[in-house]
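For reference, the structure is listed below as structure tokens.
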Amino acid sequence: AVTKAIAIASAVLAAISLFASYAESIGAGHTITLDIAEPIVFVGLLVGGALPFLFSSISIRAVGRTAGKVIEEVREQFKIPGVMEGKVKPDYAKVVSIVTSAAQRELVGLALLGILTPIAVGLLLGEFALGAFLAGVILVGQLLAVFMANTGAAWDNAKKKIEDGYYGGKGSEQHKAAVIGDTVGDPLKDTAGPALNPMIKVINLVSLIFAPIIIRFRENILLASVAALLLVIVLAIVIIRSKREAF
């Protein structure tokens with residue numbers, strides 16, 4: 001739990017440094033001011049604040065979907081004669097293969113979300129709105145990461161404490177509730193929370209790299225609009241695919 005907090009803090013420091021570099025890049029070496037009273041800039045801030053929640057929801061659904069596939073495979077292997085009695089070894093490699101391939105496949109959508117979203121925001125709303133977008137991602141992302149790490153750890157430790165004999169011990173109603181809490185808490189503290197750290201840094205890094213290209217593209221409104229529309233379509237496909245069920 002302590003190391004997760006340190007990782008979050010380091011990610012925030014790195015993101016702030018990248019944000020300062022981005023501000024210097026679009027300001028041609030001069031200090032810029034992001035006016036959130038401007039509607040376009042404020043929209044960028046709102047989108048940036050919403051992105052960590054979208055990213056986390058997709059990663060949590062990915063965990064549930066993969067777990068469902070593992071459960072389905074385990075149920076099939078239970079039907080093999082001798083497995084339940086311990087006379088025949090189950091096919092462990094099949095389960096490992098399912099988890100590995102699912103992890104790699106599910107990361108594609110998350111990677112596209114982190115890379116394409118800042119480019120789409122910059123092309124649609126402009127470089128100043130993209131700066132506000134980055135500020136929203138940093139602010140909300142680090143708070144959400146801390147919340148998920150602490151909440152998940154608390155629910156996990158609550159189950160362990162009950163299993164040690166407190167509050168009714170194993171088999172009690174409290175233990176059943178704690179098991180459900182731990183089932184939700186593990187993806188929070190081990191998947192969604194830690195994944196926000198690289199997301200924050202990647203989004204700021206992509207924005208810094210593509211800032212000159214975005215400014216150049218914005219000079220041609222038609223070209224920028226077409227490119228942004230294509231990126232939005234790709235992101236919509238990513239979000240729709242993330243909603244598919246495991247079974």
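For this structure, a couple of remarks:
- Shown for segment 2-242: lysine pairs separated by 8 or more places, or found on different chains, whose C-alpha atoms are under 24 Å apart, numbering 25.
- Cα-based equivalent ellipsoid, segment 92-157: semi-axes from gyration tensor eigenvalues, Å: 32, 22, 5
- Cubic angstrom per residue, convex hull over Cα atoms of segment 116-202: 88 Å³
- With N as its number of residues, segment 33-147 has a Cα radius of gyration that, divided by 2.2 N^0.38 Å, comes to 1.61.
- The fraction of Cα-Cα pairs per 10 angstrom bin, counted from 0 for segment 2-242, comes to 7, 25, 28, 20, 11, 6, 2, 0 percent, rounded to whole percents.
- Ranked packing of 143-150, 16-23, most packed first, by mean Cβ within 10 Å: 143-150, 16-23
- Neighbourhood charge, 10 Å Cβ-Cβ cut-off, centred on residue 179 and excluding it, Lys, Arg +1 and Asp, Glu -1: +1
- Over the Cα atoms of segment 67-126, the radius of gyration divided by the Kirkwood radius equals 1.37; this is the Rg/Rh ratio.
- Entry note, segment 151-226: relative contact order of 28 percent, from Cα contacts under 8 Å with a spacing of 6+ residues.
- Dividing the summed -39500 (n - 2.57) terms of all DSSP H runs of n ≥ 4 by the residue count of the chain sets its mean residue ellipticity at 222 nm at -29000 deg cm²/dmol.
- Two-site label geometry, residue 220 and residue 236: point separation in nm, points 7 Å out along Cα→Cβ: 2.4 nm
- Model label sites at residue 96 and residue 179, defined 7 Å from Cα along the beta-carbon direction, differ in position by 2.8 nm.
- In terms of packing, defined here as the mean over residues of other Cβ atoms within 10 angstrom, the peptides 153-159, 222-228, 92-98 line up highest first as 153-159, 222-228, 92-98.
- Segment 177-247 shape via C-alpha gyration tensor axes, a/c threshold 1.5: oblate
Every number in this text was worked out from the coordinates using simple rules, so none of it is lab data. Owing to the predicted nature of the structure, the values given are computational and were not obtained by experimental measurement. Note: ideal-geometry Cβ built from the backbone for every residue, glycine included; neighbour counts use all protein chains shown.
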